[in-house]
Structure formats: structure tokens, C-alpha cells
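Any read-out appearing in this document is the output of simple, stated calculations on the displayed coordinates, not a laboratory observation. No experiment lies behind these values; they were computed from the predicted model shown. Cβ placement follows ideal geometry from the backbone for every residue including glycine, while neighbour counts extend to all protein chains displayed.
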Amino acid sequence: MKTALSTTAMVLALLVSGPSPADKKGPEDLPEGAVFRYQDDEGNTRMSSTLPREAIQYGYEIVGHDGRVLETVEPPPTGEELEQRRREQERQRELERQRERDRQLRSQYGDAENARRVRDRQINAIQVNIDYARNSIRQAQSQLDAEITSAAEHERAGREVPEGVDAAIEHYNNQIDTLEKDIREHEAEIDKVREEFAPIIERLEELEEDSEGT
């Protein structure tokens, strides 16, 4: 398959490049008794042993002495034709690149269902960190509530709140803020995993549908 694609690309490259100087005929290239047959700028058919500019521009035939056409030379491609060939060449290259990407996808994941399992394992691993952080927040919140209650009891009793209590309240507040930030970052990681796997799974599904349709 890869060899066939490379051959196609080579043929297209030759077409885009147009005829080379070696392709242009001169009197010395004519078989004995043969002539060039072409149309001039006014559309009249001419026959000559030399090859004028209009013959190269519009194409020509090499005719043998018996009137048999020995060779037909097409006119060089126009700018529009060259552009069409260039686009076709690029399309073929992109098809080859897409086939290589598809091959790598299948080699790495096999099919869409397996890609989903790989995605879910990555998400579950991140979810473990989120669950751990949430559990830590609950513990920190419980300890924070206890310190706040202690501070309130001191104030109601008219006593000064110990420095250790204020420091503990600040510590638990900072800990909770840090854990909540970690959770947001982990949730963003999960979103990123989903985004990365979405086109992978979609493409594998398309390949599976194409296989079923053939």
C-alpha cells in the first residue's frame, strides 16, 4: 500500500513539473519521411519538418510518410491545470499521512472500546487524588470547627483566645484552600484527558464503521 502511494505521488510530481527539455522534438528526432502535424494560431492544420512555437503550445503529432500517426504530444498544462495537479498531489500526501496516523492509532489502542478503557483508567487514577483531597478537607474542616468552637468558648468566658488556637485556625483555613486548589487542578486534568481522547475514540469508531461497510 505504501509503495503504491509513493508511486502515485511520483507520477503526480512528474505531471506537475510538465514536459522537460528532453521531451521537446526537433527535426533530428523525426523518423525518415515523417513530419510534424499541428494547428497554428488560427486553427489551421499545418505539416512541417520543423517545430514552431505554436506547435509546442497547442500540441502536435508526428506523422509517418504513410500518413500514420506515430506519436501524439499533448500541449503543456495550463496554470489552472498545474494548480489542480498540485492540489491533487497534496491530497494524496494528506491521505498517506492520515493512513499512517490511523495505523499508529490501531497499533496503540486496537479499537474504540479499548481506547475508552485507557481513558477511564487515567481518569480514575486522577479521581483517586480528588477523593483523597476531599477526605482531607473533611478532616481539616472538622479540626477547624473544633478550634473555632474553642475560641468562641474562651471569648464567652471573657478569656483571651490562646495564640495556638488562632494559629491553628489559620493553618486549617490555609490547608483547606490548598486542597480545594488541588481539586480544581485535578478536575482540569480530567477535562484534558477527555479532550485528548475524544478525537481518538471518534476516529477509531469511524475506522470500525468503514471496516463493517466493506
Check: Between H186, H154, H171, which gets the highest mean-square fluctuation from a Gaussian network model of the chain, Cα cutoff 10 Å?
Finding: H154
Next item on the list: Run the quick spin-label model on V161 and E83: label points 7 Å from Cα toward the beta carbon, then report their separation in nm to one decimal.
Entry: 7.6
Notebook entry, point to check: Among residues other than V118 whose Cβ falls under 13 Å from its Cβ, what is the net charge (Lys/Arg +1, Asp/Glu -1)?
Noted result: +1
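Can you figure out the FRET efficiency of N129 with R99, using R₀ = 41 Å and their beta-carbon distance, to the nearest 0.05? Spell out each step's value before the answer.
Values: r = 38 Å, r/R0 = 0.94.
In this case the efficiency is close to 0.60.
Residue separation times 0.36 nm, minus the C-alpha to C-alpha distance between S142 and Q92: what's the value? Intermediate results must be reported in sequence, preceding the final value.
Details: separation 50, 0.36 × 50 = 18.00 nm, distance 6.46 nm.
Difference between extended and current length: 11.5 nm.
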Margin query: Using DSSP to call loops (not H, G, I, E or B), can you name the trypsin sites (Lys or Arg not before Pro) in the range 133-214 whose Cβ has at most 12 other Cβ atoms within 10 angstrom?
Written below: R159
Notebook entry, point to check: HN-Hα J couplings of the range 30-41 from phi, Karplus 6.51/-1.76/1.60, θ = phi - 60°, integer Hz, Gly and Pro as x?
Noted result: 6, x, 4, x, 8, 9, 8, 10, 7, 10, 7, 4
Item checked: Point-to-point label distance, S150-R194, nm (Cα→Cβ direction, 7 Å offset) -> 4.2
Check: Hey, what number do you get for the chain at 222 nm if only DSSP H runs of n ≥ 4 count, each worth -39500 (n - 2.57), divided across all residues, to the nearest 500?
Finding: -25000 deg cm²/dmol
Checklist line | Spin-label pair R68/D120, simplified geometry with 7 Å Cα→Cβ offset, distance in nm | finding: 7.4
Item checked: Listed candidates (1) 18.2; (2) 24.8; (3) 15.8 - label of the one calculated as mean projected area of the Cα convex hull in nm² -> (2)
Next item on the list: Could you work out how far helix 112-156 tilts from the main Cα principal axis of the chain, as a 0 to 90 degree angle to the nearest 10?
Entry: 30
Check: If exposed GluC sites (Glu not before Pro) are those in a DSSP loop with at most 10 other Cβ within 10 Å, what is the longest stretch of the chain that has none?
Finding: 43-159
Next item on the list: Report the local net charge at E147: Lys and Arg +1, Asp and Glu -1, summed over other residues whose C-beta lies under 10 Å from its C-beta.
Entry: -3
